[in-house]
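The values are calculated or read from the model by the stated rules, or taken from the named source; none is laboratory data. This structure is a prediction, so every number in the text was calculated from the model and none was measured. A quick note on method: Cβ atoms are made from the backbone with ideal geometry, for glycine too, and the neighbour counts reach across all protein chains shown. Note: areas computed on protein heavy atoms with side chains; ligands, DNA, RNA excluded. Shrake-Rupley method; radii C 1.70, N 1.55, O 1.52, S 1.80 Å.
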Amino acid sequence: MELLVFVILAILAVVSALAMITARNLVHGVLFMVVNFVATAVLFLLLNATFLAVVQVAVYAGAIMVLFLFVVMLLGPQPALLTERSPVQRPAALLFGLLLLVGLVAVVRVPALGGAPGGVTPELVARVGNPRLVGELLFSRYVLPFEIVSVLLLVAMVGAVVLAKKTTKPQ
Amino acid sequence: MVPVSYYAVLAAILFVIGVMGVLIRRNAIIIFMSIELMLNAVNLSFVAFARALDSLDGQVFVFFTIAVAAAEVAIGLALIVALFRSRQTTDVDDVSLLKG
């Protein structure tokens, strides 16, 4: 049963990703991306990562893709052509993409996973709750990266405002 | 339970689709979304291995990746808007002033 849900979600994610990279219309591309992100969120749910599934929908599909849509609307109609400058570009890209895929799949050898398993068994997660466990980890062992990410978000906000300001020549 | 290798292969396929999107398309916004697709594929593999290893460190890493991706999208889209305002194009092949 879980395998059936996984296969459906995998097909949905791959098809929407392919549709996004071949989209002529930018808005269609963004919407296909939203479908892909929601499929990934449900895959997170299958993997027992409930907090991340909600964060994925709220931040990725809900904020980042909405930002993309704002920019697409701001830029107006775009000629999103699929033609390239050199005729060898698309076959070469497909060839290298295929080579990369073969290389990535060839190294997937999961029985060789080393290291001792951490103590977070599914029974513990079912008892305590995934957000609480993630929070305990986030604020104890990873508190320094957490604070640094907050500074990073501040820098991003300041940078975005500076970049978007209209430059007016001093009179 | 679905084996972890299935998730790893799915993440690899999504990553390669993102790479091809960056290589083939010329529109800056589609290229940017392909980069987000690559990040998403890596997030998926992180969470899959976190479940396989009975640890939540992978999920915390994905949390940070999502935060960094949000910051990167804000700056990147501001850059694209500034570029469009000065050059009236989002075709990356047209932005070649520095080309030798």
| said: Here are the criteria: (1) modelled with pLDDT of 90 or more; (2) open to solvent by less than 90 Å² (accessible area, probe 1.4 Å). Tell me which single one residue A:148 does not satisfy. | reply: (2)
| remark: Residue pairs within 6 Å by beta carbon, gap of at least six or interchain, first lying in region B:20-40 and on the phi < 0 side of the Ramachandran plot, second basic (Lys, Arg), listed first then second, are B:24/A:90; B:31/B:25
| remark: Reported set for region B:26-49 where residues are open to solvent by 10 Å² or more (accessible area, probe 1.4 Å) and among the charged types (D, E, K, R) is B:26
| Name the helices (runs of 4 or more DSSP H) wholly within region A:1-97 that hold at least 1 residues that are of a type in the set (Ser, Thr, Tyr) and open to solvent by 40 Å² or more (accessible area, probe 1.4 Å)? | A:50-55
